[in-house]
């Protein structure tokens, strides 16, 4: 599902000792930007070589998961109309399997096979197309996890030859997790990794203070800070957000969200404008944020509570933004939000 990430990293970092300084690098990936900040108390890490390793991993992931690259593994799968098993990658199969479980929790509102509906509405382009009822009905026949078979750990099979998978709602969070693995493999014991606002932290700053990130106020026409979150734990901690307020079309006096309900084929209409999920893994966090946004605050909190997901829902009421927290979020002791 097309989505906008709302969390942005606060990278004004300082070091309390000359030998313990934060190193940083950044770049472009997956149609957005990424930022990495890291340091190690007991190892000298070559930032240039680490930067190369991160870029190589991001390029590998982009060629696996990107729906904007016709040469990517997932787009090669989408382009085929074969109903025979097709080889993809263990990563794609694993992500689809995990996402299927989340989709079931939303009773199909969230579904990775939604790409034909994105195309029908024109969401991949610059203008909205209001589909005719018959076209919408016919397109819905192409959508649904029931039409996609996981054959084994590296093969998928289309039961409908026109089925297509969209990985955009999970790709950045998964990429954050994989970049974090690269950093840890090269000795980084403290870091903040951010891709398009999705982020994961480990450890703390050199002076012992917490990594701090900002949650953006869900306004469509401006950027301002809603809350600042301090992560007061040394173990990995991820924050991802899905929102409706950046990606939308206005047509004939009506606003259409880019978040589509895969069951109805139409944009969501509830007042929930963002969902932020907190977890040890950016992959897990992003598996849930768009799914919970799809169903909205009332149903979403019930689902999240049943699954033990720490989430913050923001609903818009005129000019006011109201916050709603899940039980697991209320129980978080290692973050401070002001």
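The values are calculated or read from the model by the stated rules, or taken from the named source; none is laboratory data. Note that the structure is a prediction, hence the values are computed from the model and not measured. A quick note on method: Cβ atoms are made from the backbone with ideal geometry, for glycine too, and the neighbour counts reach across all protein chains shown.
Residue 208 meets all of the listed conditions (1) modelled with pLDDT of 95 or more; (2) surrounded by fewer than 16 Cβ atoms within 10 Å (Cβ to Cβ) but one, namely (1). Looking at 215, 199, just one residue is at pLDDT below 90, buried (at least 20 other Cβ atoms within 10 Å of the Cβ) and over 24 Å from residue 140 (Cα atoms), and that residue is 215. Number of residues in the stretch 106-123 that are farther than 19 Å from residue 68 by Cβ and either without any contact (Cβ under 8 Å) to a residue 60 or more places away in the chain or buried (at least 21 other Cβ atoms within 10 Å of the Cβ) (or both): the value is 4. When you look at residue 163, is it buried (at least 22 other Cβ atoms within 10 Å of the Cβ), touching a strand residue (DSSP E or B) at 6+ places or on another chain (Cβ under 8 Å), modelled with pLDDT of 95 or more and within 23 Å of residue 285 (Cα to Cα), yes or no? Taking the combined requirement at face value, the residue does not satisfy it.
Here residue 255 fulfils each of the conditions (1) at pLDDT below 95; (2) outside any loop (DSSP other than H, G, I, E, B); (3) crowded, with 16+ Cβ neighbours inside 10 Å apart from (3). Among the residues of the stretch 182-203, those identified as outside any strand (DSSP E or B) and touching a residue at least 12 places away in the same chain (Cβ under 8 Å) are 182, 183, 184, 186, 187, 188, 189, 196, 197, 203.
Identify, please: which residue in the stretch 64-79 is in a helix (DSSP H, G or I) and free of Cβ contacts under 8 Å to residues at least 24 places away in the same chain and is, among those, farthest from residue 171 (Cα to Cα)? Going through the qualifying residues, I end up with 79. With respect to the conditions (1) modelled with pLDDT of 95 or more; (2) touching a helix residue (DSSP H, G or I) at 6+ places or on another chain (Cβ under 6 Å); (3) crowded, with 20+ Cβ neighbours inside 10 Å, residue 153 falls short on a single one, namely (3). Kindly indicate whether any position in the stretch 283-300 is part of a loop (DSSP other than H, G, I, E, B) and either crowded, with 23+ Cβ neighbours inside 10 Å or modelled with pLDDT under 95 (or both). Scanning the stretch 283-300, I find no residue that is part of a loop (DSSP other than H, G, I, E, B) and either crowded, with 23+ Cβ neighbours inside 10 Å or modelled with pLDDT under 95 (or both), so the answer is no. Report whether or not residue 58 is assigned to a helix (DSSP H, G or I), in contact with a strand residue (DSSP E or B) (Cβ under 9 Å, 6 or more places away or on another chain) and within 18 Å of residue 95 (Cα to Cα). When the stated conditions are applied, residue 58 passes them.
Taken over the stretch 163-179, residues that are in a loop (DSSP other than H, G, I, E, B) and in contact with a helix residue (DSSP H, G or I) (Cβ under 7 Å, 6 or more places away or on another chain) amount to 7. Among the conditions (1) farther than 26 Å from residue 289 by Cα; (2) in a helix (DSSP H, G or I); (3) touching a residue at least 40 places away in the same chain (Cβ under 8 Å), the only one that residue 82 does not satisfy is (2).
Would you confirm whether or not the stretch 182-190 contains a residue that is closer than 30 Å to residue 140 by Cβ, at pLDDT 90 or above and either surrounded by 23 or more Cβ atoms within 10 Å (Cβ to Cβ) or touching a helix residue (DSSP H, G or I) at 6+ places or on another chain (Cβ under 7 Å) (or both)? Looking through the stretch 182-190, none of the residues is closer than 30 Å to residue 140 by Cβ, at pLDDT 90 or above and either surrounded by 23 or more Cβ atoms within 10 Å (Cβ to Cβ) or touching a helix residue (DSSP H, G or I) at 6+ places or on another chain (Cβ under 7 Å) (or both). Pairing each residue of the stretch 306-317 that is on the phi > 0 side of the Ramachandran plot and surrounded by fewer than 20 Cβ atoms within 10 Å (Cβ to Cβ) with any residue that is modelled with pLDDT of 95 or more and not in a strand (DSSP E or B), provided the two are 6+ apart or on different chains, yields C-beta distances under 9 Å for 308/326; 308/327; 308/328. Restricting attention to the stretch 318-338, the residues being without any contact (Cβ under 8 Å) to a residue 24 or more places away in the chain and in a strand (DSSP E or B) number 4.
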